[in-house]
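Report on the structure given below.
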Amino acid sequence: MDRNYSNWQSFSNLLLFLLPFLFVGWLFDLFWPITTLALLGLVCWHYYYQQKLIKWLWQSRTLMPPSAPGSWSYIYDGIYRSQRRSQKRRKALARLLRRFREAAEALPDAAIVFRADGALLWSNKLAQFYFGLRWPDDAGQRLSNLIRHPEFYAYLNEGNFEEELTIPSPIRESLDIEIRIMPYSEDQFLLVARDVTQVKRLENLRREFVANVSHELKTPLTVLQGYLEMMDDPQQTPPAMLKKAVENMNAQSTRMSNLVDQLLTLSRMETPSDDVFDHEVDMPAMLEQLQAEAKRLNEAKQHTIEFQVAPVRIYGKENLLRSAMQNLITNAIYYTQEGGNITVSWKRVAGGAEFSVTDNGKGIPAEHLPRLTERFYRVEDDRNSASGGTGLGLSIVKHAIEHHNSQLDINSSLEKGSRFSFRIPSGLLVN
Ligand code: ADP
């Protein structure tokens with residue numbers, strides 16, 4: 001409730017206070033001494049409440065003012081009200097600030113506010129994670145001292161923020177961070193940074209993939225082109241050479257067609273499809289067919305191939321499982337020297353059933369093992385050899401068994417042999 005305090009009220013209060021003294025002074029003929037005494041008393045009274053006010057303002061911790069009579073009650077109340085008003089405003093502002101900070105923390109991006117002179121004003125948690133900032137310890141420090149990277153330094157100095165900048169995180173080098181800077185208020189800037197590691201990785205993969213496919217197709221095409229040029233004038237080409245040319249051209253076109261088939265298989269596997277749990281796969285029957293195929297493939301090398309197959313059926317995708325097992329068996333035949341020993345096994349193990357192919361071939365150097373399932377990755381770069389693989393086989397295996405909640409395990413030692421295996425979890429076994 002507002003209290004009005006007019007000049008007239010103030011004057012009448014003074015008059016009401018003085019009147020009895022003036023009257024007594026006049027009555028006893030001591031007008032001036034008594035008036036002076038009364039005014040002195042009034043000054044002391046004001047002095048007393050002024051001291052009380054000072055004490056309250058500077059020493060008291062309570063918001064409630066001390067009680068005071070007369071005009072002082074207006075002063076105390078007035079101060080109290082304005083303090084309450086500013087306290088409410090401060091609280092509303094703090095609420096607003098908290099909400100803003102909570103929103104900024106919830107952002108999937110790192111956010112930093114800094115002044116035009118580069119001084120750090122605020123940063124969210126993600127910014128502290130990406131750039132190793134310490135908040136609030138680093139407040140006021142220059143951003144170029146905190147994020148030490150020559151490209152970032154040049155970017156800040158140049159002041160042209162139309163394009164974004166991508167740098168590795170100064171404290172986590174495996175992360176690529178894309179930075180954008182926007183003017184924020186009069187002399188402030190907002191820096192927003194996001195993790196683009198995955199995007200960059202995919203971009204590199206795509207570039208690598210296109211380069212690899214072009215390379216893989218170019219090699220057989222060059223061979224074909226060479227033969228075609230040679231056969232331009234068939235009369236001049238001896239029949240034996242013609243026969244060889246046709247054989248080689250056949251081999252090269254088979255290679256290209258295999259490559260395209262494998263690429264199509266891979267791209268089909270990468271698109272998510274319906275539930276694997278719906279289809280029952282007769283693994284023993286499928287392995288019987290694969291055994292017959294292996295026998296045909298094995299004619300040249302004459303390995304001893306043993307199939308140990310337990311009667312375990314599973315839920316899954318027949319064509320994916322066939323691709324995976326076929327690739328592993330073919331690799332064992334291909335990468336084992338003539339007359340080797342290969343064992344293909346399918347059996348129940350703790351937690352599911354395991355498929356494995358073990359050979360006593362040339363083995364794989366340890367440094368290659370982690371990368372074997374990457375597309376086009378080969379241990380020996382035999383791209384130019386007509387019989388060389390495409391480097392897509394194990395990538396297909398990996399994707400095929402991922403659809404069955406499984407992963408490929410590779411154990412290999414040089415000159416001793418390799419073992420490729422995957423375990424189908426018990427949830428996918430048909431009881
Ligand atoms: P590729 O088409 O070249 O066979 P894969 O993806 O199937 O491609 O295999 C990748 C590489 O792994 C091969 O180039 C080969 O060097 C190596 N590799 C695969 N299986 C075996 C194995 N059983 N023994 C030795 N090396 C193998």
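The values are calculated or read from the model by the stated rules, or taken from the named source; none is laboratory data. The shown structure was predicted, so the numbers you read here are calculated from the model rather than taken from an experiment. Here Cβ is always computed from backbone atoms with ideal geometry, including for glycine, and neighbour counts include all displayed protein chains.
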message: I'd like to know if the stretch 144-167 contains one or more residues that are touching a residue at least 40 places away in the same chain (Cβ under 8 Å) and buried (at least 19 other Cβ atoms within 10 Å of the Cβ).
response: no
message: Could you list, ordered by first residue, the pairs with Cβ atoms under 7 Å in which the first is in the stretch 322-347 and within 11 Å of the ligand (Cβ to nearest atom) and the second is outside any loop (DSSP other than H, G, I, E, B) and of a type in the set (F, W, Y), at least 6 apart or interchain?
response: L328/F420
message: Within the stretch 393-408, does at least one residue satisfy the condition of being outside the structural domain of T254 (by TED's automatic domain parsing), more than 29 Å from the chain's Cα centre (by Cα) and within 12 Å of the ligand (Cβ to nearest atom)?
response: yes
- request: Considering only residues that are in contact with a helix residue (DSSP H, G or I) (Cβ under 7 Å, 6 or more places away or on another chain), among the hydroxyl-bearing types (S, T, Y) and in a helix (DSSP H, G or I), look in the stretch 322-378 and name the one that is surrounded by the fewest Cβ atoms within 10 Å (Cβ to Cβ).
  value: T330
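Return yes when Q289 is part of a helix (DSSP H, G or I) and not hydrophobic (A, V, I, L, M, F, W, C) and no when it is not.
Details: part of a helix (DSSP H, G or I): yes; not hydrophobic (A, V, I, L, M, F, W, C): yes.
For Q289, the condition - part of a helix (DSSP H, G or I) and not hydrophobic (A, V, I, L, M, F, W, C) - is met.
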query: Quick check, is L40 of a type in the set (A, V, I, L, M, F, W, C), at pLDDT 90 or above and on the phi < 0 side of the Ramachandran plot?
result: yes
- request: With the condition kept exactly as written, say whether any residue in the stretch 367-379 is aliphatic (A, V, I, L, M), within 9 Å of the ligand (Cβ to nearest atom), at pLDDT 85 or above and under 16 Å from L263 (Cα atoms).
  value: no
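Within 15 Å of the ligand (Cβ to nearest atom) and either outside the structural domain of N212 (by TED's automatic domain parsing) or modelled with pLDDT of 90 or more (or both): which single residue out of A300, A294 fits that description? I'd like the intermediate steps shown before the answer.
Numbers: A300 fails: within 15 Å of the ligand (Cβ to nearest atom).
Unique residue meeting the criteria: A294.
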task: Could you tell me which of the residues L133, L120 is in a strand (DSSP E or B) and closer than 22 Å to L156 by Cα?
output: L120
